[in-house]
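The structure under discussion appears below in the form of structure tokens.
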Amino acid sequence: MTQTTPTYQFNEAPVDALPYEQAFAELEQIVMALEIGEHTLDEGLNLYQRGQALARHCADLLEKAELRVQQLVGGALEDFEGE
């Protein structure tokens, strides 16, 4: 059996318009594509640039979600203590 290497399909959607799940999935694809390293220098740089934008976008979305949760619980988050 021959293995096929996953190829990244360049996404033209604006990063800021992506929901977290889609942005994170695309970021994972970019990381895998960069690890394989079967791209030209320009393609690799473009992947890296998009990956950085996706990482920032995901971090921003997580930060906003954390702020919303803090507002819902009335201030600072508390550590979870399992049973």
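Could you list, in sequence order, all residues of the stretch 43-62 that are of a type in the set (Asp, Glu) and modelled with pLDDT under 95? Give the steps one after another, and end with the answer.
Keep residues of the stretch 43-62 that are of a type in the set (Asp, Glu), which gives 43, 60.
Residue satisfying the conditions is Glu43 alone.
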Pairs returned, first residue in the stretch 36-63 that is touching a residue at least 12 places away in the same chain (Cβ under 8 Å), second residue that is loosely packed, with under 13 Cβ neighbours inside 10 Å, beta-carbon separation under 7 angstrom, 6 or more apart or interchain, are Ile36/Thr5; Glu38/Thr5; His57/Asp16
Picked from the stretch 14-54 (must be part of a helix (DSSP H, G or I) and in contact with a Ser or Thr (Cβ under 8 Å, 6 or more places away or on another chain)), the residue nearest to Lys64 (Cα to Cα) is Ala33
Log entry, pairs with first residue in the stretch 3-18 being more than 24 Å from Leu62 (Cα to Cα), second being surrounded by 10 or more Cβ atoms within 10 Å (Cβ to Cβ) and at pLDDT below 90, beta carbons closer than 9 Å, six or more apart or on different chains, reads Thr5/Glu38; Thr7/Glu38; Tyr8/His39
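The values are calculated or read from the model by the stated rules, or taken from the named source; none is laboratory data. Note that the coordinates shown come from a computational prediction; the quantities given were computed from them, not determined experimentally. Reconstructed Cβ throughout: ideal geometry from the backbone, glycine too, with neighbour counts over all protein chains shown.
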